[in-house]
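J.: One structure is given below, represented as structure tokens, and several questions about it will come after.
The values are calculated or read from the model by the stated rules, or taken from the named source; none is laboratory data. Remember, predicted model here, so these are calculated numbers, not experimental data. As a convention, Cβ positions derive from the backbone with ideal geometry for all residues, glycine included, and neighbour counts pool all protein chains shown. Remember, those area values only see protein heavy atoms, side chains included, never the ligands or the DNA or RNA. Shrake-Rupley method; radii C 1.70, N 1.55, O 1.52, S 1.80 Å.
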Amino acid sequence: MTHQTYPRSAKVLLGGIAHLGRFIDKIRLRHAGQIQDYNYITVGFDKYLIDFLGIDATAFEQRVLAGGTDEDLLAWVRGNGRKPSDQEVAQWSQGLLAAGTKDEAARQRFHERLEEIATKRGVSISSLPSVTTWADVIELDEGRL
């Protein structure tokens, strides 16, 4: 049985910022060949994070791959991106983690993700824990819920 490696939860804050630690992990794991089928850089939480921080995604990817601690990478973000206030960071992080479906197309994607998770687990959707946010769908998919 192979052990699946997952990036850390989007709920783990780094410098108060949701998803930043997960994004760092995704970069490292992707380049190590351990994950491939994840949304990456141009969509989803990655894109929202990059846009919020005002960083160049390619430059950040290269910086992560050059090595360093989370604190080193946080310092790079703070030195190379926009400078949101602590309040802006808290509001953005809370908003990201609370985000659910906004329209019918998103509701359909949300349901499809739940179907995929149920199929992967060999159970019905109704037996999955009830989730209403995209962050919780990720938690569910990666076995943290």
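J.: Which of rounded, prolate or oblate describes segment 69-145 when judged by the alpha-carbon gyration tensor and an a/c cut-off of 1.5?
T.: Prolate is the answer for segment 69-145, as a/c is 1.5 or above and a/b outweighs b/c.
J.: Also, I was wondering about something else. Need one number: nm distance between label points at D51 and L29, each 7 Å from Cα along Cα→Cβ, rounded to one decimal.
T.: Result: 2.4 nm between the two label points.
J.: For D70 paired with R82, estimate the spin-label separation in nm (one decimal), with each label point 7 Å from Cα along the Cα-to-Cβ line.
T.: My value for the distance between the label points is 2.4 nm.
J.: Going by a ≥ b ≥ c, the root eigenvalues of the Cα gyration tensor, does segment 1-42 fall in the rounded group (a/c under 1.5), the prolate group (a/b larger than b/c) or the oblate group?
T.: Taking the square roots of the gyration eigenvalues as a ≥ b ≥ c, segment 1-42 is prolate.
J.: I'd like the carbon and sulfur percentage of the solvent accessible area for the chain, probe radius 1.4 Å, heavy atoms only, ligands and nucleic acids excluded.
T.: 51
J.: Please work out the Cα convex hull volume for the chain and give it in Å³ per residue.
T.: 116
J.: A further question follows. Any of K11/K83; K47/K83; K26/K120 with alpha carbons more than 19 Å apart? Name them for me.
T.: As for pairs spanning more than 19 Å Cα to Cα, those are K11/K83; K26/K120.
J.: Here is a follow-up. Compute the distance in nm between two label points, each set 7 Å from the Cα along the Cα-to-Cβ direction, one at S126 and one at L13.
T.: Spacing of the two 7 Å Cα→Cβ label points: 3.9 nm.
J.: Just flag the trypsin sites (Lys or Arg not before Pro) in segment 64-122 sitting in loop per DSSP whose Cβ has no more than 12 other Cβ atoms within 10 Å.
T.: When the trypsin sites (Lys or Arg not before Pro) of segment 64-122 are filtered for loop state and at most 12 Cβ neighbours within 10 Å, R82, K102 remain.
J.: Considering only protein heavy atoms, what per residue accessible area in square angstrom results for segment 96-145 with a 1.4 angstrom probe?
T.: I get 59 Å² per residue for this part.
J.: Here is a further query. Give, rounded to the nearest 20 debye, the magnitude of the charge dipole that the chain has about its Cα centre when Lys and Arg contribute +1 at Cβ and Asp and Glu contribute -1 at Cβ.
T.: 100
J.: For segment 100-144, what is the per residue volume of the convex hull drawn over the alpha-carbon atoms, in cubic angstrom?
T.: Convex hull of Cα atoms, per residue: 60 Å³.
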